Structures are given as structure tokens and as C-alpha cells.
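Inspection log for the structure reproduced underneath, given as C-alpha cells.
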């Protein structure tokens, strides 16, 4: 049975064309789909290159599945005039179009904002670029770890006297995706007031800098190079235990006293040498060995259970533990999917619960009510159905498929 987004979701009825590839653009569109939008992933005949990324899944890239949920799939050759006409029909009915082509490419493909807004003046047109549309690097290829390296993130991640280190997990891409979702939602709201669409530009460069706004403050009179790190240091961080590692955060006086009580270090709780975060960071060489000696009495899991609500902490776990973690289950954050390529699998579900009362039972109930969703599409999985909704006859669809304009 064809999945339909619940009508109560805030973007139900909004149609999104996703012409992007890799992570930032596609995941931004997935976030819109999570909020109820009908997202059509438009791929070229060779498909999104993320499908070809290394994966321990045999039939499909794990990353592609995770990043392209809640979409229908159309495989379309935009370089063919007939394929371009198909896209124009889609644009006439669409509310949003997202792409991540480098500046100059949209004009060459005739999918720039000026061209498409003439077809549909209400279109919200979002371009995700590496470095923006102007400037000396505008036409450079931008990727997550390239921008991490450029903007100081890798340098800041380095250990003392060690080389720069990449933050794995495509953090810039994912933050860029969130900015796409945020910007498109804001533009849709503005369109309700003005009746007209607009062009939006989101860049990986802007995303990488927005992530570091706490560092990007340069006061008048300060030297250019100085410590800009926000890490509190001292006790806050990952510590070994008898079995496993535990992350601790005890920055407030309340949590510091609670930690000292649990670790039988009560004499440190109100000691004047350690009664602020700054002092504890300065005295890390004294305090950390004492804390770690105490933590060695039990495992990370035992300490996490013992601390409970009294000390912010977490046992360091692999991501696989999240599939059946009781808190994840209570929040309904995972759900089953079925892919024509990969079969049945668990994946991320709704990350926000719209209309929830705030009561745990209500949140859990709402999550269970929408426990199934649309898996990432196989290449061209919904092409025929999408064409039929655009007014193409069965004979015309067959001709398009045979000519390989559509797959």
C-alpha cells in the first residue's frame, strides 16, 4: 500500500522536488518529508552517487537509505529535451525545489531560479552550494571535510601537540541540511503572506561557520590568535572505569557536589580551590586522577545507573545500542521500513512530535500511530506513478520509458 504522510503534520500538502545528491541537500529534503511534505527525489540515469558509497549492505548503500527516507523516486534525464519538459510539469505543481549544483550549472541545465520562477512564481527555490554563488571560490567543489579543514574545525579537534583531526559523521552536511529545512520552512511561511516564492542560498561554508558562532567572536583590541575553545576542561569529559568509559559533566555547583558524594570525595565538594568550573579546570592534574581512581571501582554502566538524574553522564556506547535503547523506544525514534532493494530494516522515525501534549504516554502513543513510513526509493521506483499524476497517458509513459528519458 502506498504510504501517505499523516494529514496533521505541518507540511502536509507541500510538494518538494529534490534534485540534490550526497548528504546535505537530500537530508534537508528528508527533514521536510519527515514534517509531512511530499518529496520527489529526481535522479539522473546514473543515480545519486551516494548509492555507490561503500556499505556493508549488499543491495544498497546504508547511507543512502538513512538519508533519503520519506521520498518518492523519479529517474529523469534532464539533458534530454523531453526529460526537461517532464521537469517543467513537475515544477508547475511544486512548492519547493532543492538542488546542490555548483554555480553556473543550473543556468546550463535551464533550471535556474529566473527560468523556473517564470514557470511557477510561487516556487521556493533552494540552492545548497559549497561556497556560495559569488566570490573567488564560488565554483569550487565543496564537501563536508573540505569545509571542516578550511574553517578551523579540524584544527580545533586536534589533541595537544597532535595533528588536525576530522570530525567523522559529516557534521557540516547534517547541519547544512537542518539549515535547508529551516530556511525552506521560513520561506513557505513568508509565501503565505506575500503569495510569491523566492530563491534561498545555503552553503556548506556558511553552515560550518554557523556551527562555530561561539568561537567566531573577535573583540576589538584582541590579538588575532588566541584560545577560542569552549570546552570547560577538568572533570568534564570521558573517563575510564573498571569496564568501559563514562562521559561526565559536572559544571554546576549542584552537579559537582553530587558527583563528589557518589565518588566518596565529599571533602572536595566545597573546597575553595575547586568551587568553580574555572578552578577545577586549572586543577585538572590534581582532580582527574582522584576521580578516575574512584571510577575504577565499578563499570561505566553501573556508574550511569548509580548517578541517575543526579549527575549528567552517559556510558560510551556504540550506535547499535540505540536500536533498542529503552529511551529511544519510549520516544518512538526508530521505526520499521521496507525497501525494494534492502528488504526490511529499522531506521530513524519522527525526530519531533507535532501536536504532542508533553505527556510521555501521549508522545509514545503518537509515535506508535505513525510507526510505518516510506523507505528510501530505489532508482526510478515511482517514475510511472509520478508521470501518471502529471497527465501523461499510459502510451506516453511507455514511450518515455523505452527511450530511457525516464527510468
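The values are calculated or read from the model by the stated rules, or taken from the named source; none is laboratory data. Because the structure is predicted, anything quoted here is derived from the model rather than measured. Reconstructed Cβ throughout: ideal geometry from the backbone, glycine too, with neighbour counts over all protein chains shown.
Does the range 369-387 contain at least one residue that is exposed (fewer than 15 other Cβ atoms within 10 Å of the Cβ), outside the structural domain of residue 39 (by TED's automatic domain parsing) and either at pLDDT 95 or above or assigned to a helix (DSSP H, G or I) (or both)?
Checked the range 369-387: at least one residue is exposed (fewer than 15 other Cβ atoms within 10 Å of the Cβ), outside the structural domain of residue 39 (by TED's automatic domain parsing) and either at pLDDT 95 or above or assigned to a helix (DSSP H, G or I) (or both).
Would you be able to say whether some residue in the range 171-194 is surrounded by 12 or more Cβ atoms within 10 Å (Cβ to Cβ), without any contact (Cβ under 8 Å) to a residue 24 or more places away in the chain and over 15 Å from the mean Cα position of the chain (by Cα)?
Yes: the range 171-194 contains one or more residues that are surrounded by 12 or more Cβ atoms within 10 Å (Cβ to Cβ), without any contact (Cβ under 8 Å) to a residue 24 or more places away in the chain and over 15 Å from the mean Cα position of the chain (by Cα).
For the structure I just gave you, tell me whether residue 25 is touching a strand residue (DSSP E or B) at 6+ places or on another chain (Cβ under 6 Å) and either in contact (Cβ under 8 Å) with a residue 60 or more places away in the chain or part of a strand (DSSP E or B) (or both).
yes
Select from the range 153-185 the residues that are closer than 30 Å to residue 38 by Cβ and out of contact with any strand residue (DSSP E or B) (no Cβ under 8 Å at 6 or more places or on another chain) and list them in ascending order.
169, 170, 171, 172, 173, 174, 175, 177, 178, 181, 182, 185
Taking residue 66 as meeting all but one of (1) under 12 Å from residue 377 (Cα atoms); (2) modelled with pLDDT under 95, write down the number of the exception.
(2)
Output the number of residues of the range 161-202 satisfying the condition of being part of a loop (DSSP other than H, G, I, E, B) and more than 21 Å from residue 53 (Cα to Cα).
8
Considering each residue of the range 258-285, count those that are more than 37 Å from the chain's Cα centre (by Cα) and assigned to a loop (DSSP other than H, G, I, E, B), and give that number.
Number satisfying all stated conditions: 10.
Sort through 331, 322 and tell me the only one that's touching a helix residue (DSSP H, G or I) at 6+ places or on another chain (Cβ under 8 Å), at pLDDT below 95 and either surrounded by fewer than 16 Cβ atoms within 10 Å (Cβ to Cβ) or within 30 Å of residue 168 (Cα to Cα) (or both).
Just a single option satisfies the conditions, and that option is 331.
Looking at this structure, is residue 207 in contact (Cβ under 8 Å) with a residue 12 or more places away in the chain and in the same structural domain as residue 153 (by TED's automatic domain parsing)?
In short, yes.
Looking at the structure I just gave you, is residue 150 modelled with pLDDT of 95 or more and over 30 Å from residue 35 (Cβ atoms)?
yes
Among what's in the range 109-145 and is assigned to a helix (DSSP H, G or I) and in contact (Cβ under 8 Å) with a residue 40 or more places away in the chain, pick the residue that is surrounded by the most Cβ atoms within 10 Å (Cβ to Cβ).
Per the stated criteria, the residue is 144.
Going residue by residue through the range 212-222, is there one that turns out to be touching a residue at least 24 places away in the same chain (Cβ under 8 Å) and either on the phi < 0 side of the Ramachandran plot or surrounded by 15 or more Cβ atoms within 10 Å (Cβ to Cβ) (or both)?
yes
Here's the yes/no breakdown for (1) free of Cβ contacts under 8 Å to residues at least 40 places away in the same chain; (2) within 22 Å of residue 31 (Cβ to Cβ); (3) assigned to a loop (DSSP other than H, G, I, E, B):
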| residue | (1), (2), (3) |
| --- | --- |
| 287 | no, no, no |
| 291 | no, no, no |
| 311 | no, no, yes |
| 321 | yes, no, no |
| 337 | no, yes, no |
| 347 | no, yes, no |
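Evaluate the range 241-257: report whether one residue or more is more than 35 Å from the chain's Cα centre (by Cα) and in contact (Cβ under 8 Å) with a residue 12 or more places away in the chain.
Looking through the range 241-257, at least one residue is more than 35 Å from the chain's Cα centre (by Cα) and in contact (Cβ under 8 Å) with a residue 12 or more places away in the chain.
Among the residues of the range 43-58, are any assigned by TED's automatic domain parsing to the domain that holds residue 101 and either in a strand (DSSP E or B) or under 21 Å from residue 186 (Cα atoms) (or both)?
Yes, the range 43-58 contains at least one residue that is assigned by TED's automatic domain parsing to the domain that holds residue 101 and either in a strand (DSSP E or B) or under 21 Å from residue 186 (Cα atoms) (or both).
Pick from 17, 78, 9: which is closer than 20 Å to residue 112 by Cα, part of a loop (DSSP other than H, G, I, E, B) and more than 16 Å from the chain's Cα centre (by Cα)?
Of 17, 78, 9, the one residue that is closer than 20 Å to residue 112 by Cα, part of a loop (DSSP other than H, G, I, E, B) and more than 16 Å from the chain's Cα centre (by Cα) is 78.
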